[in-house]
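One structure below.
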Amino acid sequence: LADKINSGLSKLFTAKEDVGTMKIELQQKNVDLEEAQKMSEKLLKEISASTAVAEKEKARVAVIVEGVVAKANEIDAKKIEAEEDLKLAQPAMDEALEALNSIDQKSISQLKTMKNPPDLVKRIFDTVLLLRQLPMTKIVWKMKDKVGMVIDGSENYKVGMVI
C-alpha cells in the first residue's frame, strides 16, 4: 500500500511540475498570440484601406467604362445610319458612274473646243472630276452684275477625263 501511495504522490508531483511547465508555455503562447493579434489587426487595417482605395478606383473605372460603352453604342448607331444612307445612295452613285463611263471621246473633244463653256457644263466637269477623284482647282465665289457665280473648279476639264 505504501508503494501505491508513493507512486501516486510521485505522479502528483510530476503532474504538478508538468502543470508548471505548461503554465510557462501557455504564458509564452499568450505573448505570441497577442503579437499575432496585433499583426492581424494591422494587416486588417491595411487590407481595409486597400479595399477602400480599390472600391473607389473600381467606381471610377465603372464610370469610364459606362461612358465608353455609351460612346460605342452611339458610334454603332451612327455607323448603322451611315451604312443605311450608303445603301440608299449607292444606286445613284452606280448610275452616275455608268453615265460617266458612257461619255465618249468625241463628246469630250467637242467640249474641249469650247473656249468658255456654259456654267452647267462646267459643273458637270466638276462632278466628273469628283467622281474620277481627280484634283480640282480652288473654287471661288464672285459677284458679277449683282449676281453671285462660281468661278471654276473645272479648269482641269481639258485634261483627259474619259481615258
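Do the conditions hold for V61, that is, is it open to solvent by 90 Å² or more (accessible area, probe 1.4 Å) and within 34 Å of the chain's Cα centre (by Cα)? Before the answer, list the steps.
Values: open to solvent by 90 Å² or more (accessible area, probe 1.4 Å): no; within 34 Å of the chain's Cα centre (by Cα): yes.
No: the conditions fail for V61.
The one condition from (1) among the polar types (S, T, N, Q); (2) modelled with pLDDT of 80 or more; (3) assigned to a loop (DSSP other than H, G, I, E, B) that T137 does not meet is (2).
Going through (1) outside any helix (DSSP H, G or I); (2) in contact (Cβ under 8 Å) with a residue 24 or more places away in the chain one by one, M114 falls short only on (2).
Of the residues in the stretch 102-117, how many are over 16 Å from L131 (Cβ atoms) and open to solvent by 60 Å² or more (accessible area, probe 1.4 Å)? Final tally of qualifying residues: 9.
The values are calculated or read from the model by the stated rules, or taken from the named source; none is laboratory data. Being a predicted model, the structure only gives us computed values, none of them experimental. Cβ: placed from backbone, ideal geometry, glycine included. Neighbour counts: every protein chain shown. These area figures cover heavy atoms from the full protein model, side chains too; ligands, DNA and RNA do not enter into them. Shrake-Rupley method; radii C 1.70, N 1.55, O 1.52, S 1.80 Å.
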